[in-house]
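Colleague: Quick one: this structure, given as structure tokens, is what I'll be asking you about.
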Amino acid sequence: MSDGRLPRPQDLIRRYGLGARRALGQHFLLDPGIADRIARAAEPLAGRTVVEIGPGPGGLTRALLEAGAGRIVAVERDARCVEALAELAAASEGRLRVLAADALEVDIAALGPAPVRIVANLPYNIATPLLVGWLRRPDGIESMTLMFQKEVADRLLALPGGKARGRLSVLAQWRAEIRRCFDLPPGAFTPPPKVSSSVVALTPRPSPVPVHLDDLETITARAFGGRRKMLRRTLGNLPGHAGLDNTLRPEDLTVDDFCALARALRDRSPE
């Protein structure tokens, strides 16, 4: 239910002259129905630290407040939006803190007590590096409900044998359980991007398959560096050492297969 005390994003855009900036990857989400749907996909929010990246004029921020989030930290690098969001924060009764910062330089764990839920319509130009950084350091992160370009979401969810399968698929699926919540057309945003979008929910696994992350990143980089090549061309005899058929291609391997290769790499590396 809409809270009339909270300013609408359209009003903030008009009062503060917030035109979306392409250099910042801004595509504002103004439809309250869609924002509410994202907030519901991220529930439960009560008792959590909710971190939003790139709130812009606050369409999703408003929905998170209305959904009962008790503590929100909105990370925004655009000074114009920071100024406008101060008005939303003032109406939030202390539940919203606006942090003027570059999300790529922010330590999520330092923003508030765990558990942390990240909910964001991510700026598409930094979405992948942001996600990889969170996957590397998931401590305290209970869930991530994130908007991506549909192409990126397809990569995150791609199963063995799929054309979209790549390094991001393996690293994300090793670290988290992933599901697609829903897709959105370009017209859901202002201005419309050139691509469709997807909301994806990621829940970090409490006990991923034991492997050194550095080794997993190294082996996936080597394997997918020769994407259509057999493993024997990119990894030499390492697949045999891991008990795998070296005529397979990287997109055919499971997460467990890549973990076996990562362990074999460590076993064969000099101390």
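Colleague: When the residues of region 1-34 are filtered to those that are among the hydrophobic types (A, V, I, L, M, F, W, C) and in a helix (DSSP H, G or I), which remaining residue is modelled with the highest pLDDT?
Modeller: Ile34
Colleague: Could you say whether any residue in region 44-56 is small (Gly, Ala, Ser) and closer than 18 Å to Leu99 by Cα?
Modeller: yes
Colleague: Residue under question is Pro7, and the condition is that it be more than 18 Å from Ile126 (Cα to Cα) and more than 22 Å from the chain's Cα centre (by Cα); does it hold?
Modeller: Answer is yes for this residue.
Colleague: Across region 35-59, which residue is nearest to Arg77 (Cα to Cα) among those that are in contact with a Ser or Thr (Cβ under 8 Å, 6 or more places away or on another chain) and in a loop (DSSP other than H, G, I, E, B)?
Modeller: Pro55
Colleague: Quick check: is even one residue across region 61-68 closer than 24 Å to Gly19 by Cα, out of contact with any Leu (no Cβ under 8 Å at 6 or more places or on another chain) and modelled with pLDDT of 95 or more?
Modeller: Yes.
Colleague: Take region 241-263 and flag every residue that is surrounded by 14 or more Cβ atoms within 10 Å (Cβ to Cβ), modelled with pLDDT of 95 or more and part of a helix (DSSP H, G or I).
Modeller: Pro250, Glu251, Asp252, Val255, Asp257, Phe258, Cys259, Ala260, Leu261, Ala262, Arg263, listed by residue number.
Colleague: Condition test on Gly47, is it open to solvent by 40 Å² or more (accessible area, probe 1.4 Å), more than 27 Å from Arg155 (Cα to Cα) and out of contact with any Cys (no Cβ under 7 Å at 6 or more places or on another chain)?
Modeller: Spelling it out, Gly47 is indeed open to solvent by 40 Å² or more (accessible area, probe 1.4 Å), more than 27 Å from Arg155 (Cα to Cα) and out of contact with any Cys (no Cβ under 7 Å at 6 or more places or on another chain).
Colleague: Given the structure, is Ala89 part of a loop (DSSP other than H, G, I, E, B) and either modelled with pLDDT of 90 or more or in contact with a Ser or Thr (Cβ under 8 Å, 6 or more places away or on another chain) (or both)?
Modeller: Against the criterion (part of a loop (DSSP other than H, G, I, E, B) and either modelled with pLDDT of 90 or more or in contact with a Ser or Thr (Cβ under 8 Å, 6 or more places away or on another chain) (or both)), Ala89 does not qualify.
Colleague: In region 138-234, which helices (runs of 4 or more DSSP H) lie fully inside it and hold 3 or more residues that are without any contact (Cβ under 8 Å) to a residue 24 or more places away in the chain and surrounded by fewer than 20 Cβ atoms within 10 Å (Cβ to Cβ)?
Modeller: So the answer is 213-225.
Colleague: Does any residue of region 67-76 turn out to be farther than 21 Å from Gly140 by Cα and either touching a residue at least 60 places away in the same chain (Cβ under 8 Å) or open to solvent by 20 Å² or more (accessible area, probe 1.4 Å) (or both)?
Modeller: Yes - at least one qualifying residue is present in region 67-76.
The values are calculated or read from the model by the stated rules, or taken from the named source; none is laboratory data. Everything quoted here is computed from the prediction, not taken from an experiment. So basically every Cβ, Gly included, is an ideal-geometry build from the backbone, and we count neighbours across all protein chains shown. Accessible surface is based on the protein model in full, side chains and every heavy atom, while ligands, DNA and RNA are left aside. Shrake-Rupley method; radii C 1.70, N 1.55, O 1.52, S 1.80 Å.
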